[in-house]
Amino acid sequence: MEVAKGRTVSADPRLTGGASGRDAERGAPGGHGPRGPGWIPTWPATVGLVITLIGSVGFAVSFIDDASTQWLGGFLAAALLGIGLALAYWGRDLAGDEVITGPYPVPHEDAEGRAALGDALDQTVQVITRRHFLTKMLVFAGGVFVLSQVVLLGALGPRPKNSLRTTSWRAGSRLVTFDGVPVTRDTLAAGTFLVAFPEGHTDSADSQITLLRIGADPQFKTLAGRETWSPEGYVAYSRVCTHAGCPVAQYEDQAKVLVCPCHQSTFDLMNGAQPVAGPAGRALPQLPLAIDAQGRLTAQSDFTVPIGPGFWDEG
Amino acid sequence: MSEHRLKKSLGRAFGVAPSPARRAARWLDRNLGGSSILREELRHIFPDSWAFFLGEIALYCFIVLVVTGIFLALFFHASQAVVVYHGSYHPLAGVPMSDAYSSVLDLSWNVRAGLLVRQVHHWAALVFVAALIIHLMRMFFTGAYRRPRRINWLIGLSLLLLVGFNGLMGYSLPDDLLSGTGLRIAFSITESIPFIGPTMASVLFGGDFPTTGIIARIYPVHIFLLPAAIAGLLGAHLGLLWLQRHTEFPGPGRDDRTMVGSPMVPQYALRTTGYFLLLAGVLTAFGALLQINPVWLYGPFRATDATTSAQPDWHMGWLEGAVRMFPGWDIQIGGFLLPAIFWPAVILPGLIFTPLFLWPWLDWMAMRDNQFVNVLQYPTMRPGRMAIGAGFFTFLTVLLVGGGDDVFANVFGWSLPVLLRTLQILVIVLPPIVAALTYAIARRRSERWLVS
């Protein structure tokens, strides 16, 4: 009882813009009677809250019932949208469109305070800088202290030594597939390719290569100094893109190019894997191959240049 | 009998006891004081315009992200220890994968409401950045960055950077194929920085890519460090907004010293609470009905796998486009190499954000106008600014299209190299054309402003 009475007493026309919630419920923001000129319907808010009731119950039931994401989320969305609609409508239409006017605060006009603050700071600075030697020492010691903390970065990662320049390929490393199956001279027919790794290092991302059998394709250009690198028409290129390091995974049989799926850098397999389209600036490094006495494919050595994306001291 | 108790008894006897609200006010005054200030603040004025809702969308997205993020954190494992998957998603049964990826699969398939919450989280992040960018555009084109709101412009821009970066961190956490590919590219970009690049990449990632500790390293950054920084800056942003009051559009009775609008209580508070719930409802509906980032389809990250048509989240698209469109101009200097990716991925973002940060001061220098203002300008009132803004956003839009060039080429059956070359030309030619056209149109309109 007390609450109901209290509400009537507390209706403050200044706080509610001359139209208390109860007035608005009766549809009279301007003091008009029901369905008078200013009458605003309350049903949209009611509908919203009913939707929230249904949505809330539906959400709980579908959760307990382990229903699909669509039902669960649909009910939850309905519950949120319903009450959101009701409150937005309430604030926009039912609470009365009270418009009030007031001054903007005007900062920076406190000239006296500004002068006093300036004086105070000035004095503080003087107290410190009066000691010339100490001031210099403070700046120096403080600077050295801050710089000394940089060593902490060393805990986060090693300084790169040779890891960016070398891979797991060594002279005589035998080629295997991702599943560890050895690659022999009979593994590929001309015009086909596979992805290979050095034996024992199939988890080495740096060492992945695209192994392609060119066969006796007359279009294939053997570059100077690489005459012995492609025995029996086998040729191998690093599979790490020289642009941003993605695996150059797409092989286009017609154009005889490798395309990187990340940024579409395109490398010409017939001409030393030179970039012919897209954003890469350097060729895919070629791995010198050999075929051993058992007919297995091996590497003559590691790559002769760093593989993958460029870095500052690579050149 | 004390006066207080006498009044209370009389109040009871005559049925005029204090209402709960009055009792709450009394409790507040006794325990905290400052009732008259609070009374004033209830009447805090909020000028009305649909355009002022954009920043609120961003704020409410942040709230949704925190709530959904806490739920997700309860189930996510920030570990790259290898496990063999035996969960409910059968196509991946028996596949070795990181604990992190496996926990995201469990969260999506086995935790009730898990997929819903994950998808709402992702949608909220995407809408968050969109709202921030549109909010920034509104600020820019209406001159809201002018004195005394320059500092708040800086805070807002910093928020955009932090939020965008945290989006990238979130994209990286599930350790699916796309997140690993994104990290691989981030590593390569870091490596390209002159002098410090390789060391910096190693320090950030804990060694040469791929490292086994990167998820554990990103996790606290994504769920604590950046959210705390974002919350702090949001607090400062809103605190300044509260102290300085909101700007208003020109109108009768409004000037730089007088504001007109709704009182905070009850109209504005009811409305904005309603809008918050409506936004939460829309994001929930997105999460329920629109699939986003189905990580189970991509598979776990392996450094030897790659996928076509891979896309970053939309707000990284301009950067992706720049990286795709910039020619492969690797430069050899003496014994050193400056990789081409350095220019689009490191220099370009700097070129884009530096003038944005300096803009309020550039504007001041150009206009020689250091007035203290509270009334906004309509965009066409300043044709020069409108032209610069239109050219700037055209440039970013062409880059964004470039980020999906392979997808567009596939969908429309265009030749990718031709499309790429077209975009490379457009990104240079189109911004000045759009700027000139905008200037001409805005100029004609601005004459109308001068008349009125």
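We did not get these values from a lab; they are worked out from the coordinates using the rules stated. Only a predicted model underlies this, so the values are computations on that prediction, with no experimental measurement involved. Using ideal geometry, Cβ is built from the backbone for each residue, glycine included, and neighbour counts are taken over all protein chains shown.
Taking region B:290-369, which trypsin sites (Lys or Arg not before Pro) meet the DSSP loop condition and have no more than 14 other C-beta atoms within 10 Å? Don't skip to the answer; put the middle values down first.
On the way: sites: B:Arg302, B:Arg324, B:Arg368; in loops: B:Arg302, B:Arg368.
Here the sparse-neighbourhood loop sites are B:Arg368.
Return the single residue from A:Leu211, A:Leu258, A:Leu76 with maximal mean-square fluctuation; model: Gaussian network over chain A, springs between Cα atoms under 10 Å.
For chain A, modelled as a Gaussian network with Cα springs under 10 Å, the answer is A:Leu76.
Along region B:323-329, what does the Karplus equation 6.51 cos²θ - 1.76 cosθ + 1.60 (θ = phi - 60°) give for ³J(HN,Hα), rounded to whole Hz, x for Gly and Pro?
5, 6, 8, 6, x, x, 8
Let me check the size of chain A from its C-alpha atoms; what are the radius of gyration and Dmax in Å?
Answer for chain A, Rg first and Dmax second: 38.3, 105 Å.
For region B:251-372, what is the relative contact order in percent, using Cα pairs closer than 8 Å and at least 6 residues apart in sequence?
Working: 35 pairs, mean separation 15.7, N = 122.
After rounding, I find 13 percent.
With only alpha-carbon atoms counted, please give the Rg and Dmax of region B:324-433, in Å.
Using the Cα atoms of region B:324-433, the pair Rg, Dmax is 18.6, 57 Å.
Based on the Cα coordinates of region B:378-452, what is the per residue volume of their convex hull in Å³?
Values: hull volume 6.4 nm³, N = 75.
Convex hull of Cα atoms, per residue: 86 Å³.
With θ set to phi - 60° and the Karplus curve 6.51 cos²θ - 1.76 cosθ + 1.60, what are the ³J(HN,Hα) couplings of region B:283-300 in order, to the nearest whole Hz, using x for Gly and Pro?
For region B:283-300, the Karplus-derived couplings read 5, 5, 5, 4, x, 7, 10, 10, 5, 9, 6, x, 4, 5, 6, 7, x, x Hz, x marking Gly and Pro.
What do you get for Rg/Rh of region B:227-371 when both radii come from the Cα atoms and Rh is the Kirkwood radius? Let's see the in-between values first.
On the way: Rg = 23.8 Å, Rh = 21.7 Å.
Taking Rg over the Kirkwood Rh, I get 1.09.
Near the amide H of A:Val276, under 5 Å away, which other amide H atoms are found, from residues 5 or more places off or on another chain, if H is placed in the peptide plane?
A:Thr266, A:Phe267, A:Asp268
If you take every residue apart from B:Glu56 with its C-beta less than 15 Å away from the C-beta of B:Glu56, what net charge results, scoring Lys and Arg +1 and Asp and Glu -1?
Details: positive: A:Arg92, B:Arg138, B:Arg271; negative: B:Asp48.
Within the 15 Å Cβ shell, the charges total +2.
Please determine, in degrees from 0 to 90 and to the nearest 10, the orientation of helix B:177-191 with respect to the longest principal axis defined by the Cα atoms of chain B, where the helix direction is its Cα long axis.
It works out to around 80 degrees.
If you take each beta carbon of peptide B:39-48 and count the beta carbons of other chains within 10 angstrom, what is the mean? Working shown, then result.
Values: counts 2, 1, 0, 2, 4, 2, 6, 1, 1, 3.
Whole-number average of other-chain Cβ neighbours for B:39-48 is 2.
Does region B:1-148 classify as rounded, prolate or oblate by the C-alpha gyration tensor (a ≥ b ≥ c root eigenvalues; a/c under 1.5 gives rounded; else a/b over b/c gives prolate, otherwise oblate)? Numbers along the way, then the final one.
Working: a/c = 4.07, a/b = 1.80, b/c = 2.27.
In terms of gyration-tensor shape, oblate.
Note the direction-averaged projected area, equal to a quarter of the hull surface, for the Cα convex hull of region B:202-247, in nm².
Working: hull surface 17.9 nm².
Result: a mean projected hull area of 4.5 nm².
Loop only per DSSP, at most 16 neighbouring Cβ atoms within 10 Å: give me the trypsin sites (Lys or Arg not before Pro) in region A:214-249, ordered by residue number. All intermediate terms of the calculation are to be shown ahead of the outcome.
Values: sites: A:Lys221, A:Arg226, A:Arg239; in loops: A:Lys221, A:Arg226, A:Arg239.
Here the trypsin sites (Lys or Arg not before Pro) that fit, given the DSSP loop and packing criteria, are A:Lys221, A:Arg226.
In degrees, nearest 10, range 0 to 90: what is the angle between the Cα axis of helix A:132-148 and the longest Cα principal axis of chain A?
For helix A:132-148, the angle is close to 60 degrees.
So who's got an amide H within less than 5 Å of the one on B:Met259, skipping anything under 5 residues away but keeping other chains? H placed 1.01 Å off N, in plane.
A:Gly102, A:Tyr104
Determine the shape class of region A:52-119: with a ≥ b ≥ c the square roots of the Cα gyration tensor eigenvalues, call it rounded for a/c under 1.5, and otherwise prolate if a/b is greater than b/c, oblate otherwise.
Judged from the Cα gyration tensor, region A:52-119 comes out oblate (a/c at least 1.5, b/c at or above a/b).
Explain nothing, just the number: relative contact order of chain B, from Cα pairs under 8 Å at least 6 residues apart, as a whole percent. Could the numbers behind the result be given before it?
On the way: 529 pairs, mean separation 91.7, N = 452.
Relative contact order for chain B comes out at 20 percent.
What's the average, rounded to a whole number, of partner chain beta-carbon atoms within 10 Å of each residue's beta-carbon in B:193-200? Numbers along the way, then the final one.
Values: counts 2, 3, 2, 1, 6, 9, 8, 3.
Averaged over the peptide's residues, the number is 4.
Kirkwood hydrodynamic radius, computed over distinct alpha-carbon pairs, for region A:144-280: how many Å, to one decimal? Present the calculation step by step, with values, prior to reporting the outcome.
On the way: mean 1/r = 0.0593 Å⁻¹.
Kirkwood radius, region A:144-280: 16.9 Å.
Say we join alpha carbon atoms closer than 10 Å with springs in a Gaussian network model of chain A; which of A:Pro275, A:Pro105, A:Pro182 then has the biggest fluctuation?
Looking only at A:Pro275, A:Pro105, A:Pro182, the largest GNM fluctuation is found for A:Pro105.
If we restrict to alpha carbons, what Rg and Dmax does the protein assembly as shown come to, in Å?
So, for the protein assembly as shown, Rg and Dmax equal 32.5, 115 Å respectively.
Quick one: the Cα spread of chain B along its three principal axes, in angstroms, biggest first?
89, 64, 43
Would you kindly give the portion of the calculated P(r) for region A:46-181 that falls above 21 Å, as a percent of all Cα pairs? All intermediate terms of the calculation are to be shown ahead of the outcome.
Numbers: 7220 of 9180 pairs.
Tail of the P(r) past 21 Å holds 79 percent of the pairs.
For chain B, what is the calculated [θ] at 222 nm in deg cm²/dmol (nearest 500), taking -39500 (n - 2.57) for each run of four or more DSSP H residues and dividing by its residue count? All intermediate terms of the calculation are to be shown ahead of the outcome.
Numbers: 18 runs with 283 residues, N = 452.
Value at 222 nm, helices only: -20500 deg cm²/dmol.
Given a Förster distance of 30 Å, report the FRET efficiency between B:Thr422 and B:Leu362 from their Cβ-Cβ distance, rounded to the nearest 0.05. Numbers along the way, then the final one.
Working: r = 32 Å, r/R0 = 1.07.
So the FRET efficiency works out to roughly 0.40.
So how tilted is helix B:99-109 from the main axis of chain B? Cα-based, degrees 0 to 90, rounded to 10.
60 degrees
How long is region B:1-42 along each principal axis, judged by its Cα atoms, biggest number first, in Å?
Largest to smallest, the principal-axis extents are 34, 20, 12 Å.
For region B:428-441, just list the computed ³J(HN,Hα) in residue order, Karplus coefficients 6.51, -1.76 and 1.60, θ = phi - 60°, integers in Hz, with x standing in for Gly and Pro.
Karplus-based 3J(HN,Hα) across region B:428-441 equals 8, 8, 5, x, x, 5, 4, 4, 5, 4, 4, 4, 4, 5 Hz.
Can you tell me, using C-alpha contacts under 8 Å and at least 6 residues apart, the relative contact order of region A:160-315 as a whole percent? Working shown, then result.
On the way: 367 pairs, mean separation 40.3, N = 156.
Answer for region A:160-315 is 26 percent.
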